[in-house]
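Take a look at the structure below.
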Amino acid sequence: MRVALISHDIYPGDGQGRVNYELARYLLSQGVTVDLLADRIDEHLVDLGATWRPIHPGGQSVNLIRVWRFKHLVNRYLDAHASRYDVLLACGVVLDRPHTVNVAHFVHGTWINSPFHAARRHRAPQKWYYRLYSLLNAYWEQSILHQAEVVVAVSDNVGRDLVKLGLPSERLCVIPNGVDTDEFSPGPSRRAALNLPGDVPLGLFVGDLRSPIKNLDTALRALVDIPDLHLAVAGTLDGSPYPSLALDLGVANRTHFLGFQRDVVGLMRSADFFVLPSHQDAFGLVVTEAMSTGLPVIVSGSVGASCLVTPEVGIVIDPPDNVEALKTAFTTLASDPVRRAKMGRAARETALDYSWSRMGSRYLELFHEVAAPSPPGLSQQPSKQLA
């Protein structure tokens, strides 16, 4: 089987790039011929046998131009070479022609109406640029997704958004993103090295601290009435309003702002549970990373990975800004170490079902289904439809 994987970035530097990288690596391990149509890749994939067909290495300084030009160049390449592939795997708005599978990591058509959209947080001219960027991507998204034989959503939330926008559910399947269960595994605490208190229940938040979308403010407000609970917060602090908010709420002495952290594994091993009450998150790899490390998780229903969070492994709150619900969840986990340990073990077991290799095998199974010739009079349909 020969697969063209089409995406701007195929390297483990961000969420979508990591998923693309791990998928390519798995396919190569299974003897699949993989061509990477991309701006940037991790060249280790070339060492493993992939062929990189650069689109415009280094990209463009203006993202809108980069998206338009990437589509144009990919279309031109496939006009000449599409017939050599069994599967054309596109990630979102990266081409404009019929293709086999499109993976939706994000839905511009619903994001543009979110109260947390960047256009609502900036002044002109940035405000108008962000709005134009989303409008054009939403328009292209409608066209491109309807040209795919099958659309893969990375979570139930993304799948529901796509159906709301008119994608027929019979052409949709859900394959959740994976996690490195070897890297993210239980291990010794590093609280002392991180200057974190060792004798208190400790929650952990990891995410963007300059935007309200990850919703740290609700977590800080819930912390107010739980005097024994501490919260470690990892993320870049430049321009963040949250240290001042913690001070105003009287929880600054129990909120430990650690700045950007490379050793996320060590940080997770030092915590008692993980919290991410995002207003919107297509998936949230950090949730499954925490589960794989053996942490119970508290997430909002707006986090895509919440579809993996059962009562045995964590707590889902809805809506995201429900301070009382989050306060109850904090109290439940902070006050019961036996329950935390049991939930952490169950979280680890759940994460093992969502390793990168498990994810890759689900994609490969789908590829075999859609690439196989249909019997006369029958059409191929994806086997994993949206629940």
Legend entry - Residue count for the stretch 212-237, restricted to those that are buried (at least 18 other Cβ atoms within 10 Å of the Cβ) and either not in a helix (DSSP H, G or I) or not assigned by TED's automatic domain parsing to the domain that holds THR332 (or both): 9
Legend entry - Odd one out for LEU247 among (1) within 24 Å of the chain's Cα centre (by Cα); (2) at pLDDT 95 or above; (3) surrounded by fewer than 16 Cβ atoms within 10 Å (Cβ to Cβ): (1)
Legend entry - Every residue from the stretch 122-162 that is in contact (Cβ under 8 Å) with a residue 60 or more places away in the chain, of a type in the set (A, V, I, L, M, F, W, C) and within 22 Å of GLU369 (Cα to Cα): VAL150, VAL152, ALA153, VAL154
Inset, instruction - Among residues belonging to the stretch 171-209 that are of a type in the set (S, T, N, Q) and in contact with a helix residue (DSSP H, G or I) (Cβ under 7 Å, 6 or more places away or on another chain), point out the one that is farthest from THR288 (Cα to Cα). - result: SER189
Inset, instruction - Among the numbered conditions (1) modelled with pLDDT under 95; (2) under 20 Å from the mean Cα position of the chain (by Cα), tell me where SER355 comes up short. - result: (1)
Inset, instruction - Answer yes or no: is there a residue in the stretch 258-273 that is over 22 Å from ALA346 (Cβ atoms) and of a type in the set (A, V, I, L, M, F, W, C). - result: yes
Inset, instruction - May I ask you to verify whether LEU196 is among the aliphatic types (A, V, I, L, M), over 21 Å from ILE112 (Cβ atoms) and part of a loop (DSSP other than H, G, I, E, B)? - result: yes
Inset, instruction - Just need a number here: residues in the stretch 244-270 that are without any contact (Cβ under 8 Å) to a residue 60 or more places away in the chain, closer than 16 Å to ASN195 by Cβ and in a helix (DSSP H, G or I). - result: 3
Inset, instruction - Look through ARG171, ARG190, ARG160 and report the one residue that is surrounded by 14 or more Cβ atoms within 10 Å (Cβ to Cβ), of a type outside the set (Gly, Ala, Ser), more than 24 Å from the chain's Cα centre (by Cα) and under 28 Å from TYR21 (Cβ atoms). - result: ARG190
Legend entry - Only listed residue being within 26 Å of LEU135 (Cβ to Cβ) and in contact with a Phe, Trp or Tyr (Cβ under 9 Å, 6 or more places away or on another chain), chosen from VAL101, VAL32: VAL101
Legend entry - Qualifying positions in the stretch 8-23 - buried (at least 22 other Cβ atoms within 10 Å of the Cβ), in contact (Cβ under 8 Å) with a residue 40 or more places away in the chain and under 15 Å from the mean Cα position of the chain (by Cα): GLN16, VAL19, ASN20, LEU23
Inset, instruction - Take VAL93 and decide whether it is surrounded by fewer than 22 Cβ atoms within 10 Å (Cβ to Cβ), of a type outside the set (S, T, N, Q) and either in the same structural domain as ASP39 (by TED's automatic domain parsing) or more than 23 Å from VAL32 (Cβ to Cβ) (or both). - result: no
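The values are calculated or read from the model by the stated rules, or taken from the named source; none is laboratory data. Worth saying up front: this structure is predicted, and the values here are computed from it rather than measured. So basically every Cβ, Gly included, is an ideal-geometry build from the backbone, and we count neighbours across all protein chains shown.
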